Amino acid sequence: MPRSKRDKKISLTKTDRKGLAWKQQIIEDIRRCVEKYPNIFVFQVQNMRNNLLKDLRQEWKQNSRFIFGKNRIMQIGLGRTKAEEVETDLSKLSRRLTGQVGLLFTEKSKKEVLEWAENYWAVEYARSGFKATETVVLPEGPLEEFSHSMEPHLRSLGLPTKLQKGVVTLYSDYTVCEEGKVLTPEQARILKLIAKPMAKFRLTMKCSWTKADGFELHVPDDINDDEEDKADSGQGEEVDDDDDDGEAMEQDDDEDSDEDEDD
């Protein structure tokens, strides 16, 4: 029996309420973390990969908490203005929640976190739209790492292949990509097939706030913290159902119940 328009409206209302409840939960989680942890960092992600972020969550879960969500929601959690901030100068952190960023709440010292971030990186496969960091050329000859059944797929990606005595073979040299040029989806797939990672996953600590020392900027920016808050006088902490700043990295869940898909 087809649904009536009224039934659809009820279903949509339930969905909206669930979304609003999730956003409010993130705000509450952030405020609990402000109370619990002595140090907070805003970090920026280069070449984000959900699977690597999930690994970090597990590695740090004993004494830290990573939170990702809509930037606007995280801003509300910390306080967007002097009037809203839950601790002195947290609004300075809030202003830096732009782009692909997240919050790290931790018991680890500022020195320890900054040294770790400076040295931590992981190499991952590049995606389409990424600028190639080197030129990759496959020489003419057999591609013995691929089974014969892969030959049609390789050919569909643009490789000049053929089966020669049951072995996948390039019948001419093939330039997969050129340094500095943007990768196409086909080029990104080929690089993954030939096990050629090119993207470096890193976290950059933009700024921090500690209960001992307050706010500190680690990456210079053009934000003037001395300017008077420009928020409307009527601006409160309400979260609209359609609140969406388009900056989400991944939804934040309890650390034991992540539902993010690995890339």
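In region 82-93 there is at least one residue that is surrounded by 13 or more Cβ atoms within 10 Å (Cβ to Cβ), closer than 30 Å to N224 by Cα, within 26 Å of the chain's Cα centre (by Cα) and free of Cβ contacts under 8 Å to residues at least 12 places away in the same chain. Hey, does region 59-70 have a residue that's over 19 Å from K211 (Cα atoms), at pLDDT below 95, among the small types (G, A, S) and in a helix (DSSP H, G or I)? No, region 59-70 contains no residue that is over 19 Å from K211 (Cα atoms), at pLDDT below 95, among the small types (G, A, S) and in a helix (DSSP H, G or I). Only one of the listed residues (D213, D222) is without any contact (Cβ under 8 Å) to a residue 40 or more places away in the chain and of a type in the set (D, E). That residue is D222. A single member of G141, G166, G99, G158 is open to solvent by less than 30 Å² (accessible area, probe 1.4 Å), at positive phi and over 24 Å from the mean Cα position of the chain (by Cα), and it is G141.
Only residues that are within 14 Å of T175 (Cα to Cα) and among the aliphatic types (A, V, I, L, M) were counted across region 123-153, and they come to 4.
Of all residues being free of Cβ contacts under 8 Å to residues at least 12 places away in the same chain and surrounded by 10 or more Cβ atoms within 10 Å (Cβ to Cβ) in region 146-155, which is farthest from R189 (Cα to Cα)? Just the residue, please. Here the residue is P152.
The values are calculated or read from the model by the stated rules, or taken from the named source; none is laboratory data. As the structure is a computational prediction, the values presented were derived from the model and not from experiment. Reconstructed Cβ throughout: ideal geometry from the backbone, glycine too, with neighbour counts over all protein chains shown. With ligands, DNA and RNA removed, areas are computed over all heavy atoms of the protein, side chains included. Shrake-Rupley method; radii C 1.70, N 1.55, O 1.52, S 1.80 Å.
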